[in-house]
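Below is one structure; the comments refer to it alone.
All of the numbers you see were taken from the coordinates with simple rules; none came from a lab. Computed from a predicted structure; not experimentally measured. Note: ideal-geometry Cβ built from the backbone for every residue, glycine included; neighbour counts use all protein chains shown.
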Amino acid sequence: MKSADLVVSNCNQLLTCRSSLPKRKKDLQDLQILEKGCIASYKGRIIFIGHERELNKEVTLEKNGLWINGKGLTAVPGLVDSHTHLPFGGSREEEFLLRLNGYTYQQLAQKGMGIKSTVESTRKIPENELFELCLSRLDSMLRHGSTTVEAKSGYGLNEKDEIKQLKVLKALHRAHPVDIVSTFMGAHEVPREFKSKKREYMNLLIQRILPQIKKNNLAEFFDIFCEQGVYSLEETRELVKAAQKAGFPIKIHTDEFVPLGGTNLAVKEKAVSAEHLIAITQKGIDLISKSNTVATLLPAVPFFLMQEKKPPARQLIENGAIVALASDFNPGSSMTESMFFVIQLAVFTLKMRIEEAINAATINAAYAIKREQEIGSLELGKKMDLLLCEVPNYAHLVYHMGINPVQHVIKNGKLVVQDRLLVRDPKESHT
Ligand code: NIG
Ligand code: FE
């Protein structure tokens, strides 16, 4: 008999999303579903997955353990949001209103709004206030089903404020049940004070800020915005090489508006992921599809920017790319914490199948942040990060659109959202 401190029994459907490798092509359609499934964990790790008969034979619940009856619920691995810009100050509803009056995102960026305006508000906000703001954003993410979140700096654009953002992320990782994976994105834009001195800013990044971030272990990944008017292909290559030399694995925002060849560079440099890909070329599709670089699609962005052009999800999937989905949560081009909304948009606007979208937001998203051994699927030994959704089967996760299906969330084996409300001290739910 195995001892468990948490048992969830008799779920209508239990989507395991099991896979030893990231999912491509037909595999992406396979959710590895257990009907009437049960799952148990001990000290945050999954120790049992199967049916009630085996559960009763193999598992005993500890004295103070928690038993949840999953009847009528669908169990899903905790969602992995592998691309967010979580630590920002302020908001940009004024810019949004202007967009509704016909201005484009790029026109407004040229007027000094866009990323640059969030840089100002992020520089102004004190560290403790930024921390509090992010805590409540994480609460919202957790209630919507994200149990692991990648988060980028990139609204500081100077040593002090980039480090402030990354320190906040470290503190959040300790203080909040959601696991945070940090990315340094000092090359998100060129700061105003270096407007005609980009070379100097790049030198500052390479010679001073990058080594500082590495030395103090403030971020795991390096990211850069390769786009017309931001960092050119050559500049991106130079910064990517410097980041690799400093020991960072690479992510690249690229082919969002103008195809500069950033996807090709990402593949050549063995980047972990290339993200956006709305304007990716056929060559880019061919290259990324044959590589281990994840194609991270962010369907909330063209939706929020009301753009016709969308990332070619079907072509990428059919060519064999590792496709992941993420929110890109940020105040200018995707103001949403909900990964189920992103999954729904992937189905409705990118023509992904429901199964593909769920795998792309779980196991493939975990691969996009190098956590596929730990999270992203429900398998023995992995972390017990589990959502219990108030829907009879997985189709309802998309079919019943525009609602939050998440009823309970278990993070690291602890009940952290119960009946849609946050459990303030998760330990208490065990007693
Ligand atoms: O990923 N594309 C570049 N950066 C963000 C947008 C940031 C903003 O508008 O503040 C993105 O979409
Ligand atoms: Fe982004």
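What residue among Leu169, Leu421, Leu210 shows peak mean-square fluctuation when the chain is described by a Gaussian network model with Cα springs under 10 Å?
Maximum among the listed residues: Leu421.
Between the alpha-carbon centers of the range 401-418 and the range 172-227, tell me the distance in whole angstrom.
About 32 Å separates the Cα centre of the range 401-418 from the one of the range 172-227.
Could you order peptides 245-256, 344-355 by the average number of other Cβ atoms within 10 Å of their residues, highest first?
Details: 245-256: 22.5, 344-355: 20.2.
The most tightly packed comes first, giving 245-256, 344-355.
Please figure out what share of the DSSP beta bridges in the chain is antiparallel and state it in percent, rounded to the nearest 5. Please report the intermediate quantities before stating the final value.
Values: 27 of 64 bridges.
Roughly 40 percent of the beta bridges in the chain run antiparallel, per DSSP.
Length gain on complete extension for the stretch Leu380 to Asn64, per 0.36 nm per residue less the alpha carbon to alpha carbon distance? If you can, show how the numbers build up before the last one.
Working: separation 316, 0.36 × 316 = 113.76 nm, distance 2.21 nm.
Value of the extension gain: 111.6 nm.
Exposure proxy check: Tyr201, Tyr399, Tyr155 ranked by fewest other beta carbons within 10 Å?
Tyr399, Tyr201, Tyr155
For Asp419, Asp81, what's the fewest-to-most ordering of other Cβ within 10 Å of each Cβ? Could you put the intermediate results ahead of the total?
Working: Asp419 8, Asp81 29.
Fewest to most other Cβ atoms nearby, the residues stand as Asp419, Asp81.
According to a simple spin-label model (label point 7 Å from Cα along Cα-to-Cβ), what is the distance in nm between Lys290 and Leu135?
Reported label-point gap for Leu135 and Lys290 is 5.1 nm.
Of Lys57/Lys414; Lys152/Lys370; Lys124/Lys164; Lys26/Lys270, which ones are farther than 19 Å apart at the Cα? Kindly include the intermediate steps, with their values, before the conclusion.
Numbers: Lys57/Lys414 24 Å; Lys152/Lys370 16 Å; Lys124/Lys164 11 Å; Lys26/Lys270 24 Å.
Those over the limit are Lys57/Lys414; Lys26/Lys270.
Only counting other Cβ atoms within 10 Å, I'd like Glu269, Glu193, Glu372 sorted with the fewest neighbours first. If you can, show how the numbers build up before the last one.
On the way: Glu269 16, Glu193 10, Glu372 21.
Listed from fewest to most nearby Cβ atoms, that is Glu193, Glu269, Glu372.
How much of the pair distance distribution for the chain lies past 32 Å, counting alpha-carbon pairs only, in percent? Walk me through the numbers before you get to the answer.
Numbers: 31769 of 92665 pairs.
So the portion of pairs separated by more than 32 Å is 34 percent.
Once you have all Cα-Cα distances for the range 110-212, histogram them in 5 Å bins from zero and send the whole-percent values.
2, 13, 22, 21, 18, 13, 7, 4, 1
Select from the range 33-131 those trypsin sites (Lys or Arg not before Pro) which occupy a DSSP coil region and have at most 15 other Cβ atoms within 10 Å, ordered by residue number.
Numbers: sites: Lys36, Lys43, Arg45, Arg53, Lys57, Lys63, Lys71, Arg92, Arg99, Lys111, Lys116, Arg123, Lys124; in loops: Lys43, Lys71, Arg92, Lys111.
Here the trypsin sites (Lys or Arg not before Pro) that fit, given the DSSP loop and packing criteria, are Lys43, Lys71, Lys111.
Work out how much length Asn404 to Lys43 would gain on full extension: take 0.36 nm times their residue separation and subtract the Cα-Cα distance, in nm to one decimal. Present the calculation step by step, with values, prior to reporting the outcome.
Numbers: separation 361, 0.36 × 361 = 129.96 nm, distance 2.82 nm.
Residue separation times 0.36 nm, minus the Cα-Cα distance, leaves 127.1 nm.
So which aspartates and glutamates pass the test for Lys198, namely a Cα distance under 16 Å, with those fewer than 8 places away in the same chain ruled out?
List returned: Glu159, Glu189, Glu227, Glu234, Glu235, Glu238.
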